[in-house]
Amino acid sequence: MVLLFMEKLHLLWYVDQSVELKNRKPGISTLPHYWLLCEPDTFMTPPRIAVKLLFFINGFVHANLAARFPKVQELFRVDDGTFGFVLLATSLGALVAMPFTGWLIIRNGSRRITITSVFLYCVFVPLVPLTLALPGITGLLLVFFVMGITAGMLDVSMNAQAVMVEQQYRKPIMTSFHALFSIGMAIGAGCGAIFVTLESSLFLHLSIITVLGLIGAAWSRYHLIHDMPQEKKSEGPAFRLPNAAMVSIGVIAFCCMLGEGAMADWSTNYMLNIALASEKFAPIGLATFALAMTTGRFFGDAARIKWGDKTLMIYCGIISTIGIAITLAFPTPYVAIFGFFLTGIGLSSIVPIAYSIAGNAKDLPPGVGLAMVTTVGYSGFLFGPPLIGLLADWYTLRIALGLVGILFVIMTLLSARYKS
């Protein structure tokens, strides 16, 4: 009975699409009327499922590829420094693409950009081992750079879709989308570990992951919100300069994502060399941080409803500041793990809230606001960890991570000054 009911709803949706395609106006999204049959609070609509699936695919594919980075290094015979340069190509590709994705969304709609970018991202992943046929690492650099471009486009466009779904629900649901990315990362890492244990070839592993990702993306293609390109009356610049409000939100996202990058890249090192944990115990710090991030995102939407964006960002800033302070003040394994947990809880909802605010800015199209904030925020994730490394070389890792604590204080103060 349930399947029959869903099938009828699915048919209604396609009828709605065909009728409204003739009369819809630029910039107006076509939404299925059967949503009116159900309360948004209790019904998981196909667009919401589709966007969640895309967040999951993004994390799942990335984690599977990351799990095989040592194999990539082995095949191409590159050391850590050279491979770090390869990974930098991915980050630069994303950073280049993000500012222009808002412009592409205005002219093509976020649905089209989301579909295009997720398909290209998945297709380029199994090309990594095939670049062995090219001399040196030129082909590898090119593939990673293009993957960065597609990943950057996907990040902005799928968040634009998430903003539109959130607007239809008329309540905060953004953090739940980002929770699916975290789950995708966790499951992808486990899946990658299985392929490594089975000693599967790199091409076979990545090809299987690509097929799974494309199947999910193909289903999502038919359920994303049909937002239309806006009229091209005013040919604005590809990337607008952010206004004061977007600068503030962008800096908040920058501080948060720099903290995320620092925890991801340096927490294990801190546990090993500063907290003096054993080599087997040291990775638990990062695992605890990741678990806290995922848990916080599952409860983030309820917290936004209860306290509001501003209050929740202040609370999150305070918790993350306390967490990093405990970690640095008491460098012992178990206390550091507790500090990493608090830091993860504190950072979990900041970026989803920042994206939601940027996407709902009244004076900017969703894609443009998101492009601004994601570009500024992602630059923190990109440049933060290397900066921490330089400071650790000049001083100590504890002092370097102290900079992260200062940024958390700035993030909290900016959150307190934010006006809804």
Residue pairs meeting the criteria (Cβ under 6 Å; at least 6 apart or on separate chains; first within 15 Å of residue 409 (Cβ to Cβ), in segment 324-347; second polar (S, T, N, Q)): 324/343; 343/320; 346/320; 347/320
Note on segment 132-156: residues crowded, with 19+ Cβ neighbours inside 10 Å and free of Cβ contacts under 8 Å to residues at least 40 places away in the same chain are 143
Condition test on residue 354, is it among the hydrophobic types (A, V, I, L, M, F, W, C), touching a helix residue (DSSP H, G or I) at 6+ places or on another chain (Cβ under 6 Å), closer than 26 Å to residue 159 by Cα and modelled with pLDDT under 90? no
Report the residue count in segment 390-412 for those that are without any contact (Cβ under 8 Å) to a residue 12 or more places away in the chain and under 27 Å from the mean Cα position of the chain (by Cα). 2
Filter result for residue 194 (under 21 Å from the mean Cα position of the chain (by Cα) and of a type in the set (A, V, I, L, M, F, W, C)): no
Looking for something surrounded by 19 or more Cβ atoms within 10 Å (Cβ to Cβ) and either free of Cβ contacts under 8 Å to residues at least 24 places away in the same chain or part of a loop (DSSP other than H, G, I, E, B) (or both) - is there at least one such residue anywhere in segment 284-305? no
A careful count of residues in segment 153-202 that are under 29 Å from residue 369 (Cβ atoms) and of a type in the set (Val, Ile, Thr) gives 6
Meets criteria (out of contact with any Ser or Thr (no Cβ under 9 Å at 6 or more places or on another chain) and either without any contact (Cβ under 8 Å) to a residue 12 or more places away in the chain or surrounded by 22 or more Cβ atoms within 10 Å (Cβ to Cβ) (or both)) for residue 180: yes
Going by what's in this entry, would residue 92 be described as under 18 Å from residue 382 (Cβ atoms), surrounded by fewer than 17 Cβ atoms within 10 Å (Cβ to Cβ), modelled with pLDDT of 90 or more and of a type outside the set (Val, Ile, Thr)? yes
Residues in segment 357-393 that are touching an Asp or Glu at 6+ places or on another chain (Cβ under 9 Å), modelled with pLDDT of 85 or more and within 15 Å of residue 106 (Cβ to Cβ): how many? 3
Is it fair to say residue 146 is under 17 Å from the mean Cα position of the chain (by Cα), assigned by TED's automatic domain parsing to the domain that holds residue 101 and not basic (Lys, Arg)? no
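The values are calculated or read from the model by the stated rules, or taken from the named source; none is laboratory data. Just so we're clear, the structure is a prediction, and the values are computed from it rather than from any experiment. Every residue, glycine among them, receives a Cβ derived from its backbone with ideal geometry; neighbour counts consider all protein chains shown.
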